[in-house]
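*Asks:* My questions all concern the structure below.
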Amino acid sequence: MTETLKPVDLTVVDTTTAEWQDFPVPAINAHLEHVPLLDDPDTGMMVVKMVYRAGFTNTWHTHPCGHGIYVLDGVLNTHQGDFGPGSFVWFPEGGTMQHGATKDADCTFLFITNKPFDIHHVATAEG
């Protein structure tokens, strides 16, 4: 039996030359920078290259999606510790979390969701 080959069309983004775009987070009055890589219309999965600038923290929040951060450069600072280049950190959906860059350096990373992205910031006694 002979199968007919149906080569797929590839999605390719050169992240070294692609323009950074604004990624607004209105609840904390932040504007992050990102390069869109993939938006899957069937699942809502999203992949972007993103940067947290030195000293930025995405304060306590939750997501209705699980998401992973693969650190490319710098150190990802989270509520459970710091993770350097080559680290992959998975945040399960629904829980509360904080993450950002250290005060000393930017953190560049791949941000991957398992379904449509949304964010809800949580008010705390700490502010």
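*Asks:* Tell me the residue from THR78, THR59 that is polar (S, T, N, Q), closer than 23 Å to ALA105 by Cβ and at pLDDT 95 or above, please.
*Replies:* That would be THR78, the only listed residue that is polar (S, T, N, Q), closer than 23 Å to ALA105 by Cβ and at pLDDT 95 or above.
*Asks:* Here is a further query. Any residue in segment 54-74 that's touching a residue at least 40 places away in the same chain (Cβ under 8 Å): show its pairings with residues that are among the basic types (Lys, Arg) and surrounded by fewer than 16 Cβ atoms within 10 Å (Cβ to Cβ) at Cβ separation under 7 Å, as long as the two are six or more apart or on different chains.
*Replies:* As it stands, the answer is ALA54/LYS103; GLY55/LYS103, since those pairs meet every condition given.
*Asks:* Okay, next question. Give all pairs with beta carbons closer than 6 Å in which a residue from segment 89-105 that is more than 20 Å from GLY66 (Cα to Cα) and of a type in the set (S, T, N, Q) meets a residue that is at pLDDT 95 or above and assigned to a loop (DSSP other than H, G, I, E, B); count only pairs at least 6 apart in sequence or on separate chains.
*Replies:* Listed pairs, sorted by first residue: THR102/VAL75.
*Asks:* Suppose the filter is within 17 Å of PHE111 (Cα to Cα), out of contact with any Phe, Trp or Tyr (no Cβ under 8 Å at 6 or more places or on another chain) and assigned to a loop (DSSP other than H, G, I, E, B); does ASP9 pass it?
*Replies:* Answer is no for this residue.
*Asks:* Looking at segment 40-56 only, could you name the residues that are assigned to a strand (DSSP E or B) and under 20 Å from ASP106 (Cβ atoms)?
*Replies:* Within segment 40-56, VAL47, VAL48, LYS49, MET50, VAL51, TYR52 qualify.
*Asks:* Determine whether PRO41 is surrounded by fewer than 14 Cβ atoms within 10 Å (Cβ to Cβ), free of Cβ contacts under 8 Å to residues at least 60 places away in the same chain and not polar (S, T, N, Q).
*Replies:* yes
*Asks:* Restricting the search to segment 13-68, which residues are of a type in the set (D, E, K, R) and more than 21 Å from TRP90 (Cβ to Cβ)?
*Replies:* Listed by number, the residues that qualify are ASP14, GLU19, ASP22, GLU33, ASP42, ARG53.
*Asks:* Do you know which of the residues in segment 71-107 that are under 14 Å from the mean Cα position of the chain (by Cα) and of a type in the set (Gly, Ala, Ser) is surrounded by the most Cβ atoms within 10 Å (Cβ to Cβ)?
*Replies:* ALA101
The values are calculated or read from the model by the stated rules, or taken from the named source; none is laboratory data. The structure presented is a predicted model; accordingly, all values stated were derived computationally and were not measured. Every residue, glycine among them, receives a Cβ derived from its backbone with ideal geometry; neighbour counts consider all protein chains shown.
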